[in-house]
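Below you'll find the structure, written out as structure tokens, and then a few comments.
The values are calculated or read from the model by the stated rules, or taken from the named source; none is laboratory data. All of these numbers come straight from a predicted model, not from anything done at the bench. Virtual Cβ from ideal backbone geometry, glycine too; neighbours counted across all protein chains shown.
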Amino acid sequence: MDEVIIRYQTTTEVEKTRIVRVDETGLNLDLRDIVEIDLLPLIWCTKLEKITLQHNHLKTIDLTPLGKCINLEILRLSDNHLVSVNLEPLSDCAHLREVDLSNNALRTIDLSPLFHCSELSEIKFDDSSVLTADLLLRSIGSWPDVLVDKFHRILWKSSES
């Protein structure tokens with residue numbers, strides 16, 4: 001069976017690994033004391049449906065490899081120390097249903113990529129987070145209902161700015 005190795009570093013600067021079969025549907029890395037993680041090997045895990053990295057110490061995370069996880073349904077990043085997150089890679093995850101970014105230090109969250117996730121039904125974030133989206137998206141007709149519910153909170157920005 002093919003496997004990939006996910007490498008991460010803990011708050012005590014110890015490098016650890018997690019072996020993941022490429023046909024796995026779930027990856028749980030909750031409560032691992034992670035401060036840094038390399039998700040690049042996940043490009044080979046196209047059957048992944050759920051990734052959880054809750055209750056760690058992540059300040060940043062590169063979600064780029066998740067663009068290859070076309071079956072991803074659930075991404076949970078709650079209870080970390082994230083100060084920014086680029087959700088752009090998630091626009092390729094057509095089956096994405098849930099994103100949890102709650103209990104982080106995110107001041108601004110650009111929701112634009114999530115407008116392409118028609119099955120999105122739940123998004124969690126802190127009340128203090130400012131939600132933004134590309135102004136051009138206001139004119140498209142088919143949004144996930146969960147984003148329609150957030151319409152009043154979104155600050156629409158021009159793609160030129």
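When Ile43, Ile37 are checked against the criterion of being at pLDDT 95 or above, hydrophobic (A, V, I, L, M, F, W, C) and surrounded by fewer than 20 Cβ atoms within 10 Å (Cβ to Cβ), a single residue qualifies: Ile43. Of everything in region 107-134 that is more than 12 Å from the chain's Cα centre (by Cα) and part of a helix (DSSP H, G or I), the residue that is modelled with the lowest pLDDT is His116.
Every test in (1) surrounded by 15 or more Cβ atoms within 10 Å (Cβ to Cβ); (2) of a type outside the set (S, T, N, Q); (3) modelled with pLDDT under 95 is passed by Met1 save one, and that test is (1). Applying a threshold of 7 Å to beta carbon distances and a minimum spacing of six or more residues, or different chains, the list of pairs starting in region 133-160 at a residue that is surrounded by 10 or more Cβ atoms within 10 Å (Cβ to Cβ) and ending at one that is modelled with pLDDT under 90 and charged (D, E, K, R) reads Trp156/Arg138.
Close Cβ contacts (under 6 Å, 6 or more residues apart or on different chains) running from residues in region 36-55 that are charged (D, E, K, R) to residues that are part of a strand (DSSP E or B) and at pLDDT 95 or above comprise Glu36/Gln9; Asp38/Arg7; Lys50/Gly26; Lys50/Ile74.
In region 115-132, the qualifying residues are those that are closer than 19 Å to Val83 by Cβ and not charged (D, E, K, R), and the one that is surrounded by the fewest Cβ atoms within 10 Å (Cβ to Cβ) is Ser128. The number of residues in region 40-49 that are in contact with a Leu (Cβ under 7 Å, 6 or more places away or on another chain) and of a type outside the set (Asp, Glu) comes to 2. Listed by first and then second residue, the pairs linking a residue in region 116-131 that is among the polar types (S, T, N, Q) to a residue that is at pLDDT 95 or above and in a strand (DSSP E or B), with Cβ atoms under 9 Å apart and 6 or more places separating them unless they lie on different chains, are Ser121/Glu98; Ser129/Thr108; Ser129/Ile109. Answer yes or no: is there a residue in region 97-106 that is part of a loop (DSSP other than H, G, I, E, B) and among the hydroxyl-bearing types (Ser, Thr, Tyr). Among the residues of region 97-106, at least one is part of a loop (DSSP other than H, G, I, E, B) and among the hydroxyl-bearing types (Ser, Thr, Tyr), which makes the answer yes. Would region 63-81 turn up any residue that is part of a strand (DSSP E or B), over 30 Å from Asp134 (Cβ atoms), at pLDDT 95 or above and under 16 Å from the mean Cα position of the chain (by Cα)? So far as region 63-81 goes, no, none of its residues is part of a strand (DSSP E or B), over 30 Å from Asp134 (Cβ atoms), at pLDDT 95 or above and under 16 Å from the mean Cα position of the chain (by Cα). Residue check: Arg138 meets all listed conditions (1) more than 28 Å from Thr25 (Cα to Cα); (2) touching a helix residue (DSSP H, G or I) at 6+ places or on another chain (Cβ under 8 Å) but one, namely (2). The residue that is surrounded by the most Cβ atoms within 10 Å (Cβ to Cβ), among those in region 61-85 that are of a type in the set (S, T, N, Q) and under 24 Å from Asp33 (Cβ atoms), is Asn80. Within region 135-156, take every residue that is in a helix (DSSP H, G or I) and of a type in the set (Lys, Arg) and give me the one that is nearest to Glu88 (Cα to Cα). Per the criteria, the residue is Arg138.
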